[in-house]
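The values are calculated or read from the model by the stated rules, or taken from the named source; none is laboratory data. If you're wondering where the values come from, they're calculated on a predicted model, not measured in any experiment. Every residue, glycine as well, gets a Cβ built from its backbone with ideal geometry; the counts of neighbours run over all protein chains shown. Protein only, heavy atoms only, side chains kept; ligands, DNA and RNA dropped before computing areas. Shrake-Rupley method; radii C 1.70, N 1.55, O 1.52, S 1.80 Å.
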Amino acid sequence: MIEVQGVSKYYGTIPALRDVTFQVGQGEVIGFLGPNGAGKSTTMRILTGFTPASRGTARVAGFEVHQSPLEVKRRVGYLPERVPLYDEMVVGAFLRYVAEIKGIARAARTTEVGRAMERCGLLGMEKRTLRNLSKGYRQRVGLAQALLGSPPVLILDEPTVGLDPRQIIEIRKMIAELGQDHTVLLSTHILPEVAMVCQRVLILNEGRIVAENRMDQFQGGDAEARARELESAFMAAITRDRALEEGAA
Amino acid sequence: MRNTWAVCKREFASYFSTPVGYAAAGIFAALAGLGFAVYFIDYATMSQSPRLYGFTTAPDFEETMLSPYLVFCGQMIMFLSPLLTMRLIAEERHRGTIELLLTYPLRDREVIFGKYLASLGMVAVLLLFVAVQVALVGYYTRVEPAVLLLGVLTVFLMGAAFSSLGLFVSSITRNQVTSGTLAFGLCLLLYFTGIMGEYLPKTNPTPTAWPDMARAVAGILYGLFRGFVTELDLDAHAKQMAQGIVRPSDLVYYPLFSIFFLFLTFRALESRNWRSGS
């Protein structure tokens, strides 16, 4: 569903991504792990067509992002990291606007918006102004707009950041559910989260993929044990990468 | 088309869910009202004793009252338009909503035309105030419909031209204040360029001591420069048109001006695809 082949991205002369290659199959839930500035958001921005790659190709559902941006954008629901919203709008109006832009027919719009709001726990919030929403509710609205139109691919940049524990659990449950009929690519700093919802994890460091693990290769009995194993795999990958880097230098 | 309309609706609605729309409309209503009163009093004074002002009969209403007033309204829109256009794209950048906007299945042209249409909608709202005043006049006296229609069209086209300039400036800035200031400065510059143009000598200003060839070349260059400066002036074109005198160059001037800046806006938005920064 997602194919990234040799993608590099430079901001000026500073490399943000260096020769990144990976694939995500249909219906997979993939976690992006990595320290700050590892290139998680940059990869997502390239996949959603927001920023172009400096080199390499990125394909979503067979369409090259730079060559057929509209085809890609129709198939991707995107939750940006900071959840930018039009502060002066109310929740319902914003979601209806997004539904219209995503090409949902007028007759189906109300049901579709209702469905997304229900799924994200936004029922009864329709008349609330976006400016006054708490971080958690902003996150839900961000998620709801990504879900509108049921795009086959969901790209979620740190979907649980800033949420309270209860909300985190809800959102994780939701992502796990979404994984049944969507391809999901999500990024996070939180290791247990990946252990709980993802089938596969890509570890990025300084713009490169330094490790790739399937969650079922960790033998731990429960999610917590798997998270600990993942944690050590993560630390090992990052340290190994640093050592290599210093060796090269 | 539907997407353009969706973008336009959201943008237009946000004029009125923030104070911007009310501020612009309120200030314009006050200015237009004052302008109307001043031009009307002037006209009344002149028609009471036309000979004092060099008229042989009562002065022509359209020429002395209506069209100067409409041009005045156009100038006021020029000063207010940066307020209407400054946030169009700059604000999306500033708030980060551009990341959503540009990852929705929208073409660049749908984004740009949608936003442009919304600002034209605001210009039309401002013109409603003018309509009220003109309707009042129309109730008491017969107004030449051609002059009225062309006059209002002129003001609208002026507004459209300033909006396109403001939209372009907004597309190259990240901050509303920068965007507004820059657009306002450019409008003023265009305005004063026009005034300056009137002071430029009409004949070849090169010294006669120069060789003929050099004078001829300099003269042609000067002519082009002078033509450019005088034609650039936004309200010079309005003055003729508002009196119902249709010159093709005036009629084409504003749409060309708008197309030029819309084109630049396209390029500015597109530049994200090849610039190396973010």
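Here chain A is treated as a Stokes sphere of Kirkwood radius computed over C-alpha pairs; at 25 °C and 0.890 mPa s its diffusion coefficient rounds to 131 µm²/s.
Here region B:2-277 has 71 percent of its accessible surface on carbon and sulfur atoms, given a 1.4 Å probe and all protein chains in place. Within the accessible area of region A:145-194, the carbon and sulfur atoms contribute 59%, probe 1.4 Å, all protein chains present.
When you restrict to C-alpha pairs under 8 Å that are six or more residues apart and normalise by the size of chain B, the relative contact order lands at 26 percent. Think of region A:85-174 as having a plus end and a minus end, set by charges on the Cβ of Lys, Arg, Asp and Glu; of A:GLY124, A:VAL161, A:ILE101, A:GLY124 sits farthest toward the positive end of this dipole. For region B:1-16, a decrease in accessible area of 40 Å² or greater in the assembled protein chains relative to the isolated chain, with a 1.4 Å probe, applies to B:ARG2, B:ALA6, B:ARG10. Other protein chain C-beta atoms within 10 Å of residue C-beta, averaged over A:70-82: 3.
Scan chain B and hand back the longest stretch that contains none of the chymotrypsin sites (Phe, Trp or Tyr not before Pro) lying in DSSP loops with at most 10 other Cβ atoms within 10 Å. Longest site-free region, per DSSP loop and neighbour criteria: B:1-198. Hydrodynamic radius of region B:39-190 by the Kirkwood approach over all distinct alpha-carbon pairs: 17.4 Å. Counting Cβ atoms of other protein chains within 10 Å of each residue's Cβ and taking the mean over peptide A:11-20 gives 1. Taking the three principal axes of the alpha carbon atoms in region A:142-224, the coordinate ranges are 34, 29, 26 Å, sorted in descending order. Here A:ARG128 sits with roughly 110 square angstrom of accessible surface, probe radius 1.4 Å. Summed over the residues of region B:107-150 and divided among them, the accessible surface reaches 50 Å² per residue at a probe radius of 1.4 Å.
Diagonalising the gyration tensor over the Cα atoms of the protein assembly as shown and scaling each eigenvalue by 5 before taking the square root yields semi-axes of 58, 29, 16 Å, largest first. The Stokes-Einstein estimate for region B:2-277, based on a Kirkwood radius over Cα pairs and taken at 25 °C with 0.890 mPa s viscosity, is a diffusion coefficient of 119 µm²/s.
Please grab the % of Cα pairs in region B:19-62 that end up more than 12 Å from each other. It works out to 65 percent of all Cα pairs. Buried area at the B:A interface is about 2900 square angstrom, summed over both chains, from accessible surfaces computed with a 1.4 angstrom probe.
Solvent exposure of region A:1-151, expressed per residue, is 40 Å² of accessible area, with all protein chains present and a 1.4 angstrom probe. With a 1.4 Å probe rolled over the protein heavy atoms of all chains, the accessible area of B:ASP60, A:ASP181, A:ASP157 falls in the order A:ASP181, B:ASP60, A:ASP157, largest first.
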